[in-house]
Amino acid sequence: MDNFDDDKTVDTDANIDESLDSMLDSYDVQQLQQTCPDCRVFLEYLQSGTLPPDDAGARKIVYQAERFVLDDGLLYHLDLPRSRKKLAGAAVSQQLMVPQSLKKLLLRSYHENLSHIRSKKMYTTPREKYY
């Protein structure tokens, strides 16, 4: 019985992911990333090597940039395993860097599509795919 419930949860999560992906398709995420201050600094550095003018900001970008990649013009964060136990065999996953202008919409959609789930799962579920 538990196995059936697990399969049902996986199917539901997959349907929600598809629904949210299609919701994001209606937005020009690439353009929104270019206008978002959080994304723009990484885009400028990855595309042209341009760093923020202040030393602290420049050091921060250089340090963090190894965890970001461009794929088809979109900025992704590389989610690396955090614990030693996971480090051995865990794959690195790409999380879409969500522009500030879409963060509330994405979280609201997750909350509504997942039947108003609790905050812990609310945080964990989108974090697997989005940054």
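General observations
- Qualifying position, being surrounded by 10 or more Cβ atoms within 10 Å (Cβ to Cβ) and within 15 Å of the chain's Cα centre (by Cα), among ASP71, ASP79: ASP79
- Residue within the range 54-73 that is modelled with pLDDT under 95, closer than 20 Å to MET23 by Cβ and either in a loop (DSSP other than H, G, I, E, B) or β-branched (Val, Ile, Thr) (or both) present: yes
- Condition check for TYR45: assigned to a strand (DSSP E or B), at pLDDT 95 or above and of a type in the set (Phe, Trp, Tyr): no
The values are calculated or read from the model by the stated rules, or taken from the named source; none is laboratory data. This structure is a prediction, so every number in the text was calculated from the model and none was measured. All Cβ positions, even for glycine, are placed from backbone atoms using ideal geometry, and neighbour counts span all protein chains on display.
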